[in-house]
1. Would you confirm whether or not the stretch 167-190 contains a residue that is part of a helix (DSSP H, G or I), at pLDDT 90 or above and of a type in the set (D, E)?
2. Here are L149, L215: which of them is touching a Leu at 6+ places or on another chain (Cβ under 7 Å) and either surrounded by fewer than 19 Cβ atoms within 10 Å (Cβ to Cβ) or under 28 Å from V515 (Cα atoms) (or both)?
3. Return the residues of the stretch 1-40 that are at pLDDT below 95 and among the aromatic types (F, W, Y); say none if nothing qualifies.
4. Just one of (1) in contact with a helix residue (DSSP H, G or I) (Cβ under 7 Å, 6 or more places away or on another chain); (2) over 24 Å from D487 (Cβ atoms) trips up Q75, so point out which.
5. I need the full set of residues from the stretch 103-135 which are in a helix (DSSP H, G or I), surrounded by 10 or more Cβ atoms within 10 Å (Cβ to Cβ) and small (G, A, S), in order please.
6. Against the conditions (1) over 30 Å from L186 (Cβ atoms); (2) loosely packed, with under 14 Cβ neighbours inside 10 Å; (3) hydrophobic (A, V, I, L, M, F, W, C), where does F427 fall short? Just the number, please.
7. Check D334 against each of (1) in contact with a Lys or Arg (Cβ under 7 Å, 6 or more places away or on another chain); (2) surrounded by fewer than 17 Cβ atoms within 10 Å (Cβ to Cβ); (3) part of a strand (DSSP E or B) and name the one condition it does not meet.
8. When you check L230 against the structure, is it modelled with pLDDT under 90 and surrounded by 14 or more Cβ atoms within 10 Å (Cβ to Cβ), yes or no?
Amino acid sequence: MRILVNLNSVAFIYPEMKDYLFKGVSFTVYEGEKIGLLGVNGSGKTTLLELVKGDKEPEEGNIQRFNCSIMYLKQEETASGAISVVEYMLEDEEIVRMFRKLKSMERDGIKNPLHYADLLKSFEEKGGFEKLKQIRNTLLNFGFSENTLQREVDSLSGGERRILKIASLLSQHADLYLLDEPTNFLDREGIEFLKNTIKRSKSAFIIVSHDRWFLDKTVSRILEMERGRLREYSGNYSVFIATKEREYKGKLRKKEKIEKEIERLKKMERNYKTWAGRKEKEKIGAGDKGFISHKASKLAKKAILAKTRREKRIQELEREKPWIEKIYSIRFEDVEVPSGVCLAVTGLVKSFEEKTLFSSFSFSVNWGEKVSIDGPNGSGKTTLLRILLGDIEADEGEVVWHKLSKPRYLPQSGILFNEEMKVYQLFDKELWEKARTLLGCLKVRGDSFFKKLRELSEGQKRKVELVKIILDEPNVLILDEPTTHLDYYTVELLEKALLEFKGTLILVSHDRYLVERVCERRIPILEVSQDTQPELR
């Protein structure tokens, strides 16, 4: 199998950092491999992708690229340009030029049929029509509409421009793709199509993603960045988690065994001191004539040697003791949860310009229920949540909350607070200790608590928002794509916390595992919703 890229003992440090971000990183990427790259926020995943691409140079070690083409999708990268979606996807300058000329001639009326026919033939010979067919098929599968294909790229939403960028990169058939959070902004159908595209592709992929289902379905090898080092695991995400669990239990057993041995050696030392003290008293009491002193002296020398050996062995055992990261958890406070209906929505109607999102949309959610709002991109999931919160008015219909409801909202993107605020300013002073403890559980540590929000990474901001919601002690959670920007570690903690949450949960998420494991039923939003009967899971 052909080697595409090889990293040997690579180390990297940013100028403002005291310690290396990572050291001793070595791995090889083979043709056609599908690799997942995992690690907590700030562990260096994006930096490693930039090193593989060649956008950054390592401080130590070397990176070999063996005559391979590499395409890199950055985490927030989107398409841009004052051209149509189709033109953006065509890419080949000559095909784009012919396409524009054909469109211009059709728009103005075909005044020279022979010239038009020649141009049409040239366009076909260059593969233009086949390319248009592929573009249409790809973008429709990613959730674009026929009308969107004709729009200007810069007029699209951020999510649509992100999807367009992914589609454009994948159409170029590179040897190696580096994808940083590719499922952000994709709906379930889009993720399914991307998954199938990657599985069918002969290209190699290194994928950074918090979407556990997506990793399970696409990769067969995991690289994990942990404490400045890289470790390799065979298998997909679920195999990786199972392996980590076995490793943790094995380390725990080894640590306990070593600690018992250390305690045994220390006990021997304590026993010797007791014995030595007793002998000293015997010597004094017996009116020592020299015999006891001589014997005690010989024993003391032996004891000193034994003590030195014990101390050396204890030091060796301390070095052998495996490092085990403490397992943290986060949880929502137990709050008052009444019985009966928490939320009732009746006859909801909402349109934007010529598009109708909801038409006579009705549903209810009981106290303590956990429901998922399902629908493709553009179906109005976020709009619905904002109507429920009162941020947007419906054209018709009624939204009624129980009088004891205390909802808290996590938006899909952006942040609810002024980014010039410092983290600690978001919390009452009496909650600072709790806030710092929870943030520490999510690996937001050190002086981050005193930084401005704009100085934090997107993942850290997301974690701050989660902690703020937890400490507000809501009895209703309204979460819009809560796993966006989070690392796999935090997603696992959040899932457990939501499972234990006693209140009502209304969730919008493309994370299949989160929805399947946490939500009891799904409320689908159809293209034009009517009285919708929620589906049981």
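1. Of the stretch 167-190, the ones part of a helix (DSSP H, G or I) are 167-170, 188-190.
With at pLDDT 90 or above added as a condition, the list becomes 167-170.
Applying the additional criterion that residues be of a type in the set (D, E) yields none.
Taking every residue of the stretch 167-190 in turn, none turns out to be part of a helix (DSSP H, G or I), at pLDDT 90 or above and of a type in the set (D, E).
2. Checking each option against the conditions leaves just L149.
3. If the condition is that a residue be at pLDDT below 95 and among the aromatic types (F, W, Y), then Y14, Y20 are the ones that fit.
4. The number of the failed condition is (2).
5. Across the stretch 103-135, the qualifying residues are A117, S122, G128.
6. (2)
7. Unmet condition: (3).
8. no
The values are calculated or read from the model by the stated rules, or taken from the named source; none is laboratory data. All figures in this text were calculated on a predicted structure; none of them were measured in a lab. Note that each Cβ is placed from the backbone with ideal geometry, even for glycine, and that neighbours are counted across all protein chains shown.
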